[in-house]
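S.K.: Structure provided below as structure tokens; questions to follow.
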Amino acid sequence: MERKIHKGQYKPLLMQPPYGDGRKPIKMQSGRGGCKMQANKKITKGGGITIPRGIRQETGILPGVPVDVVSDESGIRISKHVPACFHCGSVEDVQTVCGIEICPACAAAILEVFK
């Protein structure tokens, strides 16, 4: 019996080829660093872009996963967000307090100021 897929659920990547704009298959490229997927997309009027399902599944960027968008001289890079301390940039044992990511060392330094 085939399972019905409801809106918001994803079929595994192997069941359906990844598509880009206009239901055209996404180009697969291999080179340094392994196989890469590529798709041509248009920016919406609101400034958004849809990342194709195959690319999202391959990279683990699923609904609700926070991402970082960084621009540099080579273009725009989108990657999964890695929590880092707002004050020192450390990525170890970072906690979110009042919407600010902070490491234990910086939290201790702030507590010392208020003692």
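The values are calculated or read from the model by the stated rules, or taken from the named source; none is laboratory data. Everything numeric in this text was worked out from a predicted model, so none of it was measured. Here Cβ is always computed from backbone atoms with ideal geometry, including for glycine, and neighbour counts include all displayed protein chains. Please note that ligands, DNA and RNA were not included when accessible areas were found on the heavy atoms of the full protein model with its side chains. Shrake-Rupley method; radii C 1.70, N 1.55, O 1.52, S 1.80 Å.
S.K.: Rank these residues by their accessible area, most exposed first, probe 1.4 Å: Ser90, Ser74. All intermediate terms of the calculation are to be shown ahead of the outcome.
M.R.: On the way: Ser90 40, Ser74 105 Å².
Reading off the accessible areas and sorting them downward yields Ser74, Ser90.
S.K.: Amide H neighbours of Met37 under 5 Å, at least 5 residues apart or on other chains, H built in the peptide plane: list them.
M.R.: Sorted by chain and number, the residues that satisfy this are Gln29.
S.K.: When Lys and Arg each count +1 and Asp and Glu each count -1, what net charge do the other residues less than 13 Å away from Ile61, Cβ to Cβ, add up to? Intermediate results must be reported in sequence, preceding the final value.
M.R.: Numbers: positive: Arg53, Arg56, Arg77, Lys80; negative: Glu58, Asp68.
Within the 13 Å Cβ shell, the charges total +2.
S.K.: Just want the answer: with Cβ charges of +1 for Lys and Arg and -1 for Asp and Glu, which residue in Cys88, Ile102, Pro66 is farthest toward the dipole's positive end in the range 51-115?
M.R.: Selected residue: Pro66.
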